[in-house]
Amino acid sequence: MFFALIIFALPVSAQALRFEQRGLYMNSSTPGATTFYTLSFRYMSPAIVGSVDMQYCIDPIPYHPCVAPPGLDVSHAVISSQTGETGFSISTQTSNHIVISRTPTLMASGDSSYKFDNIVNPTDTNQSFSVRLRSHGSDDATGPQIDFGSVKGQVVNGIEIQTQVPPMLIFCLAEAVDNDCATSNDNYYTDMGQLKADSTLTAQSQMMVGTNATAGFAITANGTPMAAGTSVIDAPSTPTVSKQGTNQFGINLVANSSPAVGSDPNGVYANAVPAVDYGIPNQYKFVSGDVVAYSPNVTLMKKFTVSYVVNSREDLRPGVYSTTITYIASGRF
């Protein structure tokens with residue numbers, strides 16, 4: 001009696017295949033920098049994979065001695081993300097060697113990537129370095145390799161390009177100024193006329209301001225109330241309506257109807273405003289050193305009209321009453 005016996009065997013790969021679509025992304029190529037690397041490749045052999053060996057060497061040839069790249073340190077690397085063949089964690093690592101492992105599983109998705117944070121770059125800019133890659137069926141990178149390959153990278157001293165935005169404060173004032181501070185009427189003097197108890201004298205001036213200061217600008221008004229010798233026309237220390245028949249000198253920075261003088265601030269930047277006490281229509285105040293206008297951050301450009309009112313009593317001492325008000329703009333850089 002004769003027997004015929006046919007034995008079917010699973011095919012066995014005669015040799016390991018090379019990973020394809022291999023790549024190394026270095027988020028920073030600065031020598032010695034701490035950065036992240038993303039290693040990507042395509043598994044080629046349809047096999048059970050339990051680990052991937054990643055060895056950092058100067059030479060990419062797998063059977064040559066591995067010389068670690070000077071300065072490189074992957075001993076504190078962590079896997080922050082992975083795609084494709086996943087489920088891996090770091091099982092072994094030294095300054096130039098990482099093994100990622102998982103429960104051995106039949107490969108399902110070829111294209112894969114692994115991102116490692118906290119890698120310290122090599123310091124030698126004169127030569128490239130390599131990452132030698134091997135996949136294994138075991139979970140500790142022992143036994144026959146399945147796929148293999150290498151990727152290369154290099155650190156470089158980058159070209160530094162630097163520029164700056166200079167601090168800027170634009171400020172101008174006169175009786176009338178243009179919106180861009182390019183021109184003004186160059187008039188810094190006003191004759192307000194003759195003081196009378198039954199009338200209010202008015203005048204106005206303009207100032208334009210803009211800055212790129214992070215904390216904006218502040219404008220202060222500095223000077224004294226109107227005076228003739230020792231005779232002084234008092235200035236209210238709180239916002240007060242104009243009162244004929246009293247000694248009163250005050251200013252504000254808005255449009256008024258009593259008396260009709262001034263204008264509201266003009267410009268698209270709504271963050272540049274009069275100070276609270278100087279932004280009330282028909283109420284006036286003057287305290288030397290007060291902030292009369294400000295912005296909390298960058299503003300370009302804003303025009304402010306300053307209104308001046310003077311009232312006098314019947315018994316005010318005769319004389320020529322005058323004052324000089326100095327406005328100081330400060331950028332809060």
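Pairs needed: first member in segment 117-141, in the same structural domain as Thr103 (by TED's automatic domain parsing); second member anywhere, part of a loop (DSSP other than H, G, I, E, B) and polar (S, T, N, Q); C-beta distance under 6 Å; at least 6 residues apart or different chains.
Thr125/Asn157; Ser128/Gln154
Can you give me the number of residues within segment 72-97 that are touching a Pro at 6+ places or on another chain (Cβ under 6 Å) and under 20 Å from Phe19 (Cα atoms)?
Qualifying residue count, segment 72-97: 0.
If a residue must be closer than 20 Å to Tyr308 by Cα, among the aliphatic types (A, V, I, L, M) and not in a strand (DSSP E or B), how many such residues does segment 166-200 contain?
The total comes to 4.
Write out, first by first residue and then by second, each pair whose Cβ atoms fall under 7 Å of each other, whose residues are 6+ apart or on separate chains, and whose first residue, in segment 214-242, is under 27 Å from Pro296 (Cα atoms) while the second is of a type in the set (D, E, K, R) and part of a loop (DSSP other than H, G, I, E, B).
Listed pairs, sorted by first residue: Ala215/Arg332; Gly216/Arg332; Phe217/Arg332; Ala218/Arg332.
Taking strands (runs of 3 or more DSSP E) that fall entirely within segment 47-100, which contain at least 3 residues that are in contact (Cβ under 8 Å) with a residue 60 or more places away in the chain and surrounded by fewer than 18 Cβ atoms within 10 Å (Cβ to Cβ)?
No strands (runs of 3 or more DSSP E) qualify here.
Identify the residue in segment 300-333 that is within 13 Å of Gln248 (Cα to Cα) and aliphatic (A, V, I, L, M) and, among all such residues, is surrounded by the fewest Cβ atoms within 10 Å (Cβ to Cβ).
Leu316
Can you tell me which of Ser184, Ser205, Ser199 is among the small types (Gly, Ala, Ser) and crowded, with 20+ Cβ neighbours inside 10 Å?
The conditions single out Ser205.
Just to be sure before I move on: is Asn212 farther than 17 Å from Tyr294 by Cβ and either surrounded by fewer than 19 Cβ atoms within 10 Å (Cβ to Cβ) or of a type in the set (Gly, Ala, Ser) (or both) in the structure I sent?
Taking the combined requirement at face value, the residue does not satisfy it.
For segment 25-46, which positions are touching a Phe, Trp or Tyr at 6+ places or on another chain (Cβ under 8 Å) and surrounded by 16 or more Cβ atoms within 10 Å (Cβ to Cβ)?
Met26, Phe36, Tyr37, Thr38, Leu39, Ser40, Phe41, Arg42, Tyr43, Met44
The values are calculated or read from the model by the stated rules, or taken from the named source; none is laboratory data. Quick caveat: nothing in here was measured; it's all calculated off a predicted structure. No Cβ is skipped: glycine too gets one built from the backbone with ideal geometry, and neighbour counts run over all protein chains shown.
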